[in-house]
Amino acid sequence: MNPIHVLILNGPNLNILGRREPEIYGHMGMDAILEELRREFPEDRIDYFQSNHEGDLIDILQACDPSTGFVLLNPGGLTHTSVALADAVAAIEIPVFEVHLSHPPSRETFRHPSFISAHCRGCISGMGSESYRLAYQGARLMITKASKEI
């Protein structure tokens with residue numbers, strides 16, 4: 001398998017993953033999720049960034065190394081509110097895949113719309129911490145196949 005540079009980008013409140021509403025988001029923290037991904041994909045460079053600030057997330061997306069294979073983005077609550085973050089996703093050429101631990105369409109009505117989804121290559125939601133692994137596997141497969149077709 002060829003190595004890929006991946007960015008996992010998390011939005012507000014995901015810094016307390018594992019402690020925040022575990023009945024919805026699970027008991028696993030992001031460090032454990034990253035450890036599992038790095039163990040499963042040891043050849044890849046997996047960078048991680050989390051911020052509770054919309055502008056920081058936008059800055060990171062805009063500054064992405066062009067050699068980045070893909071971004072896994074869990075925008076948290078910004079999913080439903082941030083046109084600016086959606087515009088940043090739309091503005092970069094790096095493929096972005098949306099990830100959610102819970103399944104927003106099955107939750108409160110205000111969580112149903114996503115400003116982000118229209119600009120992403122795909123979305124995985126509702127699988128708890130497995131959402132990251134499944135999104136990673138799917139994104140990696142798509143990127144690898146696309147690079148072979150070029």
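The values are calculated or read from the model by the stated rules, or taken from the named source; none is laboratory data. Values in this document were obtained by computation on a predicted structure and should not be read as measured data. All Cβ positions, glycine included, derive from the backbone under ideal geometry; neighbour counts span all protein chains shown.
Of the candidates I33, I16, I58, the single residue that is more than 22 Å from S102 (Cβ to Cβ) and either β-branched (V, I, T) or buried (at least 16 other Cβ atoms within 10 Å of the Cβ) (or both) is I58. Checking each residue in region 96-121 for being of a type in the set (K, R) and either modelled with pLDDT of 80 or more or within 22 Å of V6 (Cα to Cα) (or both) picks out only R121. Take region 44-56 and flag every residue that is farther than 17 Å from Y132 by Cβ and either in contact with a His (Cβ under 7 Å, 6 or more places away or on another chain) or not in a helix (DSSP H, G or I) (or both). Once the filter is applied, which keeps residues that are farther than 17 Å from Y132 by Cβ and either in contact with a His (Cβ under 7 Å, 6 or more places away or on another chain) or not in a helix (DSSP H, G or I) (or both), region 44-56 yields S51, N52, H53. Considering (1) modelled with pLDDT of 95 or more; (2) over 15 Å from the mean Cα position of the chain (by Cα); (3) buried (at least 18 other Cβ atoms within 10 Å of the Cβ); (4) among the small types (G, A, S), the lone condition that A63 does not fulfil carries the number (3).
If we keep just the residues of region 17-30 that are under 20 Å from P75 (Cβ atoms) and either β-branched (V, I, T) or part of a helix (DSSP H, G or I) (or both), which is modelled with the lowest pLDDT? Here the answer is Y25. Residues that are part of a loop (DSSP other than H, G, I, E, B) and either modelled with pLDDT of 95 or more or aliphatic (A, V, I, L, M) (or both) are absent from region 31-40 altogether. Listed conditions (1) modelled with pLDDT of 95 or more; (2) within 21 Å of M30 (Cβ to Cβ); (3) buried (at least 20 other Cβ atoms within 10 Å of the Cβ); (4) not polar (S, T, N, Q) are all met by G76, apart from (1). Note on region 57-86: residues that are touching a residue at least 24 places away in the same chain (Cβ under 8 Å) and either more than 22 Å from R45 (Cβ to Cβ) or assigned to a helix (DSSP H, G or I) (or both) amount to 17.
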